[in-house]
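Since every read-out is calculated from the coordinates, none of them should be taken as a lab result. Every value quoted in this text rests on a predicted model; they were computed, and no experiment measured them. Note: ideal-geometry Cβ built from the backbone for every residue, glycine included; neighbour counts use all protein chains shown.
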Amino acid sequence: MRVLAINDISCVGKCSLTVALPIISASGVTCDILPTAILSTHTGGFEGYTFRDLSEDIPSILKHWKSLGLQYDIIISGYLGSIHQIDMVKQIRKDFLKPNGLFVVDPVMGDNGKLYSHFDHQFVIAMRNLCRVADIIVPNLTEACYLTDTPYSDAPDSDYFSILNKLKTLCPQPSITGCDVLQDGILRSTVFYTDTDGSVKQYSTDKISGAFHGAGDVYASALVGALARGISMDTAVKISADLTKDSIYQTKLDGTQARYGLNSESQMYSFLKNLEAASAKK
Ligand code: PXL
């Protein structure tokens, strides 16, 4: 199994490739990377960060890869710095994804109801078009609302299934992460997702209060790792949501600033045990 992760390198503030590479590799599959930009830190919560766009380097990297005949079982794209990079990713999918491969898009654009800096309405439209050629998309609630032109609300009685159904017009297996749902009077963090047969489902974990940066990256990377191991969508969602919740829980216990990202390192052993148990059951 060979996975390609297309994302930025934020040197500090664990997210994007500094999360994708360790988690996907630890899952037991090869993870190649295509960095889209190098930043001193990510853009959410730090001032004065550097940002080097790597678009110019990408064509020669791809030319070399073509000469090696590289082909991928799964390609996952994350933070893309421009519409031009979105177009490049579409071409990468055409050139480097195996005929029955999976194209997973994490449409990184915003959080808490707002777009991240650098992104505007044109970018949202371009990202929507990228989602149209994906097999699986993993937006958070903010991104799902932008993708579907739905007014943002994180109220626990929101009609998440209706947003999921709108996302289904874009791609066969959408999901929405980080949705608050009330169960027996208790707030639970829920992922709404689409199983391989097209049925829509949900999986909830304990809600840990606070905003935690990089949670979407941990979830998406674990999901790709689990799917690359041949684990079913249901179990892959469960294992990934549990890893995310456990990492958030540990980060809260550590008391580190949210902008420095999640302590998923401490949860790797139990993540791997869960992957092994699921693989043994197949
Ligand atoms: O975690 C998402 C992300 C990825 N990459 C960069 C970001 C963000 C979110 O702020 O700024 C550069």
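Rounded if a/c is under 1.5, else prolate if a/b beats b/c, else oblate: with a ≥ b ≥ c from the C-alpha gyration tensor eigenvalues square-rooted, which is segment 14-85? Verdict is oblate for segment 14-85. When the chain is treated as a GNM with alpha-carbon contacts under 10 Å, the residue of LYS63, LYS94, LYS238 showing the greatest mean-square fluctuation is LYS63. Ordering 98-104, 126-132, 174-180, 150-156 by mean Cβ neighbour count within 10 Å, with the highest value first, yields 174-180, 126-132, 98-104, 150-156. Each part gets one Cα centre, and for segment 262-282 versus segment 27-77 those centres are 26 Å apart. Mean-square fluctuations from a GNM of the chain, with a 10 angstrom spring cutoff on Cα atoms, peak among ASP184, ASP53, ASP159 at ASP184. Averaging the sequence gap over all C-alpha pairs within less than 8 Å and six or more residues apart, then dividing by the number of residues, gives segment 2-280 a relative contact order of 17 percent. For the pair ASP234 and SER82, the difference between a 0.36 nm per residue extended length and the Cα-Cα distance amounts to 51.4 nm. Annotation: amide H-H contacts under 5 Å for LEU102 (H modelled 1.01 Å from N, sequence separation of 5 or more, or interchain): ILE74, ILE75. Other residues whose C-beta falls under 13 angstrom from the C-beta of ALA258 contribute a net charge of +1, scoring Lys and Arg +1 and Asp and Glu -1.
Springs join every pair of Cα atoms under 10 Å in this Gaussian network model of the chain, and among GLY230, GLY185, GLY216 the largest mean-square fluctuation is at GLY185.
Taking a cut-off of 14 Å between Cα atoms, list the aspartates and glutamates near LYS201, but don't count ones fewer than 8 places away on the same chain. Correct list for LYS201: ASP159, ASP234.
Pairs from the table (LYS166/LYS207; LYS207/LYS238; LYS238/LYS282) lying more than 21 angstrom apart at Cα are LYS166/LYS207. Ordering 1-14, 39-52 by mean Cβ neighbour count within 10 Å, with the highest value first, yields 1-14, 39-52. Non-local amide H neighbours of LEU34 (under 5 Å, H modeled in plane, Pro and chain starts lacking H): which ones? Those qualifying (amide H under 5 Å, at least 5 residues apart or on another chain) are ALA5, ILE6, ASN7. What the pair-distance distribution of the chain shows, using all Cα-Cα distances binned every 5 Å from zero, is 1, 6, 13, 18, 21, 18, 14, 7, 2, 0, 0, 0 percent.
How big is the gap, in Å, between the Cα center of segment 79-116 and the Cα center of segment 226-257? Between the Cα centres of segment 79-116 and segment 226-257 lies a distance of 22 Å.
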